[in-house]
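The values are calculated or read from the model by the stated rules, or taken from the named source; none is laboratory data. Computed from a predicted structure; not experimentally measured. Methodologically, a virtual Cβ is constructed for each residue, glycine included, from the backbone with ideal geometry; neighbour enumeration extends over all protein chains shown.
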Amino acid sequence: MLIALGLTLLITLVLGVPIAFALGMSAAVALFVGSDVSPLLVLGNSVFRGMDSFPLMAIPFFVLGGELMGISITTALINFASSLVGHIRGGLAHVTTLSCMFFGGITGVGVAETAAIGTIVIPAMERKGYDKSFAAAVVAASSTLGPIVPPSVPMVVYALSVGGSVSISALFLAGIVPAILITIAFMVLSYVIARRMGYPVEGAFSWARVWAALLAAKWALFMPVIIVGGMVSGLFTATEAAVVSAFYAAMVGFFVNRNLHLRDLPKYFVNTAIVTAIVLMLLGFSKVVSWILTVENVPALLTAAMNAATSSPMVFLILVNVLLFIVGCFMDSAAGIIMLAPVLAPVAAAFHIDPVHFGFMMTMNLILGMVTPPVGVILFVAAGISDLKLGSVVGKVWPYVIAAYFVLALVMVFPSLTLTIPRLAGY
């Protein structure tokens with residue numbers, strides 16, 4: 001079965017078949033070729049069980065909350081970020097990174113962040129004399145903060161992929177410190193580049209301006225406080241937090257900002273349904289693949305092979321990160337998580353690696369793959385917004401990618417960077 005599974009998956013991916021369908025077709029071929037159990041029975045049962053999960057409700061509600069809130073908050077968040085860091089050399093680059101961090105606390109989808117922030121700041125940076133490819137690169141790199149800052153759709157996918165053995169809330173909290181470190185690293189790098197290129201500052205710092213911008217952005221900034229605060233306090237679970245975030249976004253849009261109208265809702269519902277359907281299909285078909293791998297004893301064989309190759313958890317983590325880097329260059333983060341998490345998580349447990357630490361590290365690595373060519377989806381969005389060829393954006397994004405992977409290396413070596421806040425919260 002494994003040979004049939006691997007060959008079919010390779011062929012379908014080379015032919016450009018969407019990953020969800022590639023997984024389903026590969027599993028079906030493997031079952032028909034090598035299983036004694038009725039293939040249709042396994043397919044139907046496994047696909048249904050892969051989708052039949054209450055925590056999955058978090059995904060559509062987090063996405064919907066971001067859709068509803070995003071129409072009214074982008075400019076306010078950018079203005080608030082500008083009031084804080086616009087006075088530093090290369091101010092608009094810092095504003096972009098900080099805005100993406102704030103925006104990430106509202107929607108856990110990196111592509112949405114690229115589109116929302118990029119359409120505003122890329123033209124603004126070009127008018128101020130910034131190189132357009134540099135502007136697009138900063139937007140693309142900073143957009144990876146969206147799925148790292150809680151809430152995060154990829155982290156929900158990871159928790160479900162490993163059968164709920166890891167708390168979604170713990171994974172959310174694990175991302176806080178690494179997200180801050182990436183933000184600082186990107187801003188330092190932007191400052192160095194800005195000094196070399198002579199990019200401008202955006203006026204003087206003023207506490208009055210900060211206060212005015214904070215008041216304008218308060219409803220947007222309060223949303224992640226509700227989500228994280230509610231989970232940490234035990235007031236609601238991650239799934240319930242998603243519902244609260246969507247309800248909060250609707251209330252702000254309809255009754256506070258008053259820029260959300262009933263006629264707009266079908267569009268946002270459709271966008272939410274598309275994202276959710278993609279994830280559901282991935283989870284459903286991956287459940288069949290996981291069943292095949294379990295029947296073929298792949299996790300145990302991989303654990304034995306890793307134990308034979310090394311007894312060091314650190315060497316294992318290095319090997320895993322290299323593998324994930326390669327996978328991230330060719331596959332979407334959600335697809336990579338769904339395919340590899342059920343296989344690698346048990347091996348990590350055998351090496352006595354904390355499941356929250358490993359889960360976050362794996363998720364972060366694959367999220368960063370969204371800005372590594374040739375299949376970096378965020379790169380394509382940034383290039384499209386800026387009307388540039390992909391190569392010109394890739395050439396400028398690599399310093400930021402290296403900085404992000406440096407933070408990932410720190411996360412790998414120092415688990416306390418991810419585990420301190422979850423442990424303080426009782427996870």
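With the requirement that a residue be in contact (Cβ under 8 Å) with a residue 12 or more places away in the chain, within 22 Å of Ala335 (Cα to Cα), surrounded by fewer than 22 Cβ atoms within 10 Å (Cβ to Cβ) and not β-branched (Val, Ile, Thr), what does the stretch 243-283 give you? Answer for the stretch 243-283, where residues must be in contact (Cβ under 8 Å) with a residue 12 or more places away in the chain, within 22 Å of Ala335 (Cα to Cα), surrounded by fewer than 22 Cβ atoms within 10 Å (Cβ to Cβ) and not β-branched (Val, Ile, Thr): Asn271, Ala273, Leu280, Met281. Residues that are free of Cβ contacts under 8 Å to residues at least 40 places away in the same chain and over 24 Å from the mean Cα position of the chain (by Cα) occur at least once in the stretch 235-242. For the stretch 307-329, the set of residues classified as closer than 26 Å to Gly16 by Cβ, surrounded by fewer than 16 Cβ atoms within 10 Å (Cβ to Cβ) and of a type outside the set (A, V, I, L, M) consists of Cys329 only.
Asn297 falls short on exactly one of the conditions (1) on the phi > 0 side of the Ramachandran plot; (2) surrounded by 19 or more Cβ atoms within 10 Å (Cβ to Cβ), and that condition is (2).
Considering only residues in the stretch 69-81 that are among the small types (Gly, Ala, Ser) and at pLDDT below 85, the one that is surrounded by the most Cβ atoms within 10 Å (Cβ to Cβ) turns out to be Gly70. Given the criteria under 18 Å from the mean Cα position of the chain (by Cα), at pLDDT 75 or above and assigned to a helix (DSSP H, G or I), does Gly336 qualify? In short, yes.
None of Val377, Val407 is at pLDDT 90 or above and under 20 Å from the mean Cα position of the chain (by Cα) except Val407. Applying a threshold of 7 Å to beta carbon distances and a minimum spacing of six or more residues, or different chains, the list of pairs starting in the stretch 402-427 at a residue that is within 15 Å of Phe358 (Cα to Cα) and ending at one that is among the acidic types (Asp, Glu) reads Pro415/Asp354; Leu419/Asp354.
Scan the stretch 191-244 for residues that are modelled with pLDDT of 85 or more and touching a Lys or Arg at 6+ places or on another chain (Cβ under 8 Å) and the total you get is 3.
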